[in-house]
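Quick notes on the structure that follows.
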Ligand SMILES: *Cc1c(COP(=O)(O)O)cnc(C)c1O
């Protein structure tokens with residue numbers, strides 16, 4: 001017997017207000033965080049430069065120890081972390097950086113902030129990460145670095161990327177903003193490239209109560225330069241001399257943020273373990289549904305499960321003629337009506353962002369620099385990223401909470417219910433006026 005879809009007036013699988021907020025809230029804030037933040041308020045040690053350095057320094061040491069890095073520097077946010085990593089590597093303005101075509105915009109804006117030209121390479125649609133062959137094909141005589149984004153929490157194919165970087169004499173930077181604690185061949189993200197960067201944004205797996213980031217490296221000279229570049233180019237290790245050794249901005253972490261994150265880090269291994277079990281239980285049910293492609297984790301890697309991206313294979317569903325983007329649009333409507341907050345993560349590949357289409361940088365820079373190449377950006381060059389954007393939806397947030405196990409089972413219930421109606425939903429998708437590349441928010445769905 002099938003139950004009427006909530007989208008057509010049937011009962012919602014997860015009724016409004018029926019989920020215990022404490023099982024899906026993120027970050028999980030306990031008395032440990034409250035007390036740590038209050039202690040900072042009472043101590044008056046707010047900044048990295050003054051007495052407030054204590055919590056910042058402890059967070060740096062504890063994160064380095066946790067992932068097995070030699071050095072860690074805490075910075076203002078994950079975007080600043082990438083920017084500072086590129087600065088510390090000494091990459092010159094006008095040089096090119098290979099960036100995956102599918103990522104959060106910050107992976108591409110951080111190089112531009114250093115006057116570096118991002119050159120996009122396609123992803124492997126099975127892992128959502130940089131395709132090593134595409135990365136190598138994007139290299140020119142101007143390329144100086146590859147930015148390996150461990151998207152959604154899965155480490156990139158680092159052995160292949162390291163080999164390519166070495167062959168061409170390039171730096172290998174990891175954007176691990178979504179991959180705290182994930183491992184590749186037994187080693188943690190942030191220790192796999194020349195420099196690793198993390199975000200502590202509250203939406204990420206290791207959150208703070210505001211903004212924050214971390215930069216890790218095995219190279220003491222790179223670490224020293226990150227530290228110098230985060231604080232006006234000044235050496236703040238002793239008595240302040242107000243001398244800037246390099247031109248640099250202010251991208252320090254504040255101590256309240258460090259204190260909060262240290263308490264999160266204390267519970268991080270346990271939360272990671274619970275999340276892993278909850279996500280596996282959800283994905284094993286979803287993988288039973290014909291045409292639902294759950295994220296893979298190749299052997300030798302562990303996944304941080306930051307974002308769960310599900311692809312929908314219209315052919316396996318039995319409707320090869322339906323445009324994947326139209327089916328995805330209808331599916332999003334149906335699942336949301338059941339109470340499942342699925343959404344799109346990125347509606348266009350990075351080169352399709354208006355800022356890149358229009359070269360809306362700094363007065364036309366970095367592309368106008370005399371030594372730079374005036375790269376034209378065409379999303380059509382990246383069929384892997386386009387296909388994934390067309391045929392997938394993401395689950396974000398809920399599953400990060402270690403107590404989300406039961407609600408994730410209800411998410412699976414909702415998918416199973418919707419899947420019983422897949423033929424009529426495919427029929428609806430077929431009748432949709434759908435233009436590929438249109439973000440869901442712009443598509444009108446008939447009722
Ligand atoms: C979140 C994120 C960033 C930026 O981090 P912020 O702390 O928000 O500046 C960079 N890259 C990726 C892949 C991200 O998901």
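For the reader, a short list of remarks on this structure follows.
- The mean sequence separation of alpha-carbon pairs under 8 Å and at least six residues apart, normalised by the residue count of the chain, gives a relative contact order of 22 percent.
- Against the main long axis of the alpha-carbon atoms of the chain, helix 255-286 sits at an angle near 30°.
- Cα Rg over Rh - region 248-322, Kirkwood: 1.20
- Over region 74-206, Cα pairs under 8 Å with separation of 6+ residues give a relative contact order of 23 percent.
- Contour minus Cα-Cα distance for residue 267 and residue 288 (0.36 nm per residue): 4.3 nm
- The listed peptides 378-389, 257-268, ordered by packing as a protection proxy, come out as 257-268, 378-389 (highest mean of other Cβ atoms within 10 Å first).
- Whole-angstrom gap from region 305-332 to region 363-384, using each part's C-alpha centre: 31 Å
- For region 169-228, a/c is not less than 1.5, where a ≥ b ≥ c are the root eigenvalues of the C-alpha gyration tensor, and a/b does not top b/c. That puts it in the oblate class.
- Largest first and in whole Å, the equivalent-ellipsoid semi-axes of region 126-177 read 18, 11, 9, each the square root of five times a Cα gyration tensor eigenvalue.
- Stokes-Einstein D in µm²/s, Kirkwood radius over Cα pairs - region 217-273 at 4 °C with 1.567 mPa s viscosity: 96 µm²/s
- Kirkwood hydrodynamic radius over Cα pairs of the chain, then Stokes diffusion coefficient at 25 °C and 0.890 mPa s, in µm²/s: 107 µm²/s
- Residue of 177, 133, 81 that the Gaussian network model of the chain assigns the largest fluctuation, springs spanning Cα pairs under 10 Å: 133
- Over region 273-339, relative contact order from alpha-carbon pairs under 8 Å, at least 6 apart, %: 25 percent
- Taking all C-alpha pairs of region 356-445, those more than 19 Å from each other amount to 67 percent.
- The P(r) of region 24-93 has a tail past 20 Å containing 49 percent of all C-alpha pairs.
- Site pair residue 277 and residue 43 shows an inter-label distance of 3.4 nm when each label is modelled 7 Å from Cα along Cα→Cβ.
- Most to least packed among 96-103, 397-404 [average Cβ atoms within 10 Å]: 96-103, 397-404
- Estimated inter-spin distance, residue 409 and residue 19, nm [label 7 Å along Cα→Cβ]: 1.6 nm
- All C-alpha pair distances within region 298-415, sorted into 5 Å bins from zero, spread as 2, 9, 14, 16, 16, 13, 11, 9, 6, 3, 1, 0 percent across the bins.
- Gain on full extension, evaluated as 0.36 nm per residue between residue 360 and residue 61 minus their Cα-Cα distance, stands at 103.7 nm.
- Remark: spin-label model distance residue 54-residue 380 equals 6.2 nm, labels positioned 7 Å along the Cα→Cβ axis.
- Hydrodynamic radius of region 190-348 per Kirkwood, over alpha carbon pairs, in Å: 19.8 Å
- Overall Cα dimensions of region 1-125 - principal axes, largest extent first, Å: 64, 48, 26
- Intensity falloff of region 127-270 expressed as log10 I(q)/I(0), Debye formula with alpha-carbon point scatterers, at q = 0.13 Å⁻¹: -0.68
- Over region 67-124, the pair-distance histogram of Cα-Cα distances with 5 Å bins from zero comes to 4, 18, 26, 22, 17, 11, 2 percent, rounded to whole numbers.
Since every read-out is calculated from the coordinates, none of them should be taken as a lab result. Computed from a prediction, not measured in an experiment: that's the story for all the values here. Neighbour counts run over all protein chains shown; Cβ positions are idealised from the backbone, glycine included.
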